[in-house]
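> Following this message is one structure expressed as structure tokens.
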Amino acid sequence: MVAIAGVPASGKSTLAELVVAKVNALMASDNPTLHSIAILVGLDGWHLTRAQLDVMPDPKLAHDRRGAHWTFDGPSYVGFAKLLREPLAATTVITAPSFDHALKDPTPHAVSIYPFHRLVVIEGLYTMLKYDMWVQGAQLMDERWWVDVDLEEARRRLVRRHVITGVAKDMEEAIWRAEQNDEPSKCCALRAMTRGTLNLDLPDGKFIAENLYEPTRIIKSLDDPKYTL
């Protein structure tokens, strides 16, 4: 079980996809009849639905801050991670949700993990969070990879992504979201790891970097479109 985390727009999703694809390609080259042994699970599947956000004490704030750790179903995610640690029978299938960007809501049981899957890569903002119930999920991982990125580069990627994906209706809103909701930490992630501070009012990226659970590996994010594993 490998958790891959990083501040928003660090490249964690891209890295996770490349790792899973490379592992499966290597196995297929040795024996084309084998099942794919690696599978990718995205934490976005544990987003609370828009209907669940609607019934929160401050629905507008909940929708504006969608993506913050408290807008996820943390207990359900931790329960999933615990299931992966249980002994599996030959017929055991564990399912995970995914996120439908067209519907803007999760889809349950979208990913199936079978006993032949020997590597489960879970990517997402809070897969290595040292806070509340999230720490239980982090502790269950065999590997925890933190994707380090230049903070100004992450901000540029965020703004561009918000406009392209339709999260923001225009550049002005995209900049607002990047600065108010997603902004990466102003301090170095390595320095932040050593702190014991906690401030729930920090934007998501800074909150993650300052409450990180013991990475086993730190990987530098390089914005190189020619790079492949």
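> Kindly indicate which of Ala16, Ala9 is touching a residue at least 60 places away in the same chain (Cβ under 8 Å) and part of a helix (DSSP H, G or I).
Of the residues listed, the single one that is touching a residue at least 60 places away in the same chain (Cβ under 8 Å) and part of a helix (DSSP H, G or I) is Ala16.
> Next question. Scan segment 3-26 for residues that are surrounded by 21 or more Cβ atoms within 10 Å (Cβ to Cβ) and touching an Asp or Glu at 6+ places or on another chain (Cβ under 6 Å) and jot them down.
Ile4, Pro8, Lys12, Ala16
> So, one more: Residue pairs, Cβ under 8 Å, 6 or more apart or interchain, first in segment 24-38 and farther than 17 Å from Tyr114 by Cα, second among the hydrophobic types (A, V, I, L, M, F, W, C). List them.
Correct list of pairs: Ala28/Leu34.
> I need the full set of residues from segment 136-152 which are among the acidic types (Asp, Glu) and at pLDDT 95 or above, in order please.
Scanning segment 136-152 gives Asp142, Glu143.
Condition check ((1) at pLDDT below 95; (2) in contact with a Leu (Cβ under 9 Å, 6 or more places away or on another chain); (3) surrounded by 14 or more Cβ atoms within 10 Å (Cβ to Cβ)) across all residues:
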{"position": "Ala28", "(1), (2), (3)": "yes, yes, yes"}
{"position": "Ile37", "(1), (2), (3)": "no, yes, yes"}
{"position": "Gly42", "(1), (2), (3)": "no, no, yes"}
{"position": "Gly45", "(1), (2), (3)": "no, no, yes"}
{"position": "Val55", "(1), (2), (3)": "no, no, no"}
{"position": "Ala62", "(1), (2), (3)": "yes, yes, yes"}
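> Continuing with this model, one more query. Name the residues in segment 52-81 that are touching a residue at least 60 places away in the same chain (Cβ under 8 Å) and in a loop (DSSP other than H, G, I, E, B), would you?
Arg65, Gly67 - these are the residues of segment 52-81 that are touching a residue at least 60 places away in the same chain (Cβ under 8 Å) and in a loop (DSSP other than H, G, I, E, B).
> Please count how many residues of segment 86-132 are over 15 Å from the mean Cα position of the chain (by Cα), of a type in the set (S, T, N, Q) and either crowded, with 16+ Cβ neighbours inside 10 Å or in a strand (DSSP E or B) (or both).
Residues in segment 86-132 being over 15 Å from the mean Cα position of the chain (by Cα), of a type in the set (S, T, N, Q) and either crowded, with 16+ Cβ neighbours inside 10 Å or in a strand (DSSP E or B) (or both): 3 in total.
> Based on this model, can you work out whether Tyr114 counts as over 15 Å from Val20 (Cβ atoms) and hydroxyl-bearing (Ser, Thr, Tyr)?
In short, no.
The values are calculated or read from the model by the stated rules, or taken from the named source; none is laboratory data. Predicted model, so just to flag it, every value in this text is computed and none were measured. When we count neighbours, we look across all protein chains shown, and the Cβ atoms used for this are built from the backbone with ideal geometry, even at glycine.
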